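Below: the structure, in C-alpha cells.
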Amino acid sequence: MAVYVDNMRANFGRMKMCHMIADTSEELLAMADKIGVSRRWLQKPDSHQEHFDISLSKRRLAVKAGAIEVSVMDLGRMLRSRRPVGEAGR
C-alpha cells in the first residue's frame with residue numbers, strides 16, 4: 001500500500017499545485033493529516049478519482065513522509081485502472 005504524488009505544476013493563485021492519491025482512502029487521509037492538509041479539501045471522495053490537490057510545499061512533506069513520486073501520466077493511468085467496470089466491460 002502506498003501514497004503517490006505527481007509532478008504536475010498547476011497554478012492556483014500564487015501557489016503551484018499537484019495531486020496526491022493513495023491505494024486506499026485510509027492511507028490518503030492519514031497522509032493528509034500527517035502533512036497538515038485539511039480533510040475538507042478531499043476531491044471526489046468515495047470514487048475512483050479520490051485525491052487531494054496539494055501545494056508543492058506539502059508535496060515535499062509527503063515525499064519526506066514516504067509518498068512515491070510519479071508523473072502526471074502515471075497518476076492518470078493509476079486512476080483509470082481503478083475505474084469500475086460495468087457488465088459490458090467484462
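Label-to-label distance, L56 versus M73, with points set 7 angstrom from Cα along the beta-carbon direction: 2.2 nm. Okay, helix-only estimate at 222 nm for the chain: each DSSP H run of n ≥ 4 adds -39500 (n - 2.57), divide by all residues, round to 500 deg cm²/dmol; what do you get? After summing the helix terms and dividing by residue count, I get -10000 deg cm²/dmol. For R80 and R9, the FRET efficiency from 1/(1 + (r/R0)^6), where r spans their Cβ atoms and R0 equals 25 Å, is about 0.70.
Any chance you could list P(r) for the chain, counting all Cα-Cα pairs in 10 angstrom bins from zero, rounded to whole %? Pair shares across the bins are 17, 52, 24, 6, 1.
Which percent, nearest 5, of DSSP beta bridges in the chain are antiparallel? Antiparallel bridges: around 85 percent, rounded to the nearest 5. Of the residues L75, L56, the one with the fewest other Cβ atoms within 10 Å heads the list, and the complete ranking is L56, L75.
Read-outs: derived from the displayed coordinates by stated rules, not from any lab. These numbers were taken from a predicted model, which means no experiment stands behind them. Backbone-built Cβ (ideal geometry, glycine too); neighbour counts: all protein chains shown.
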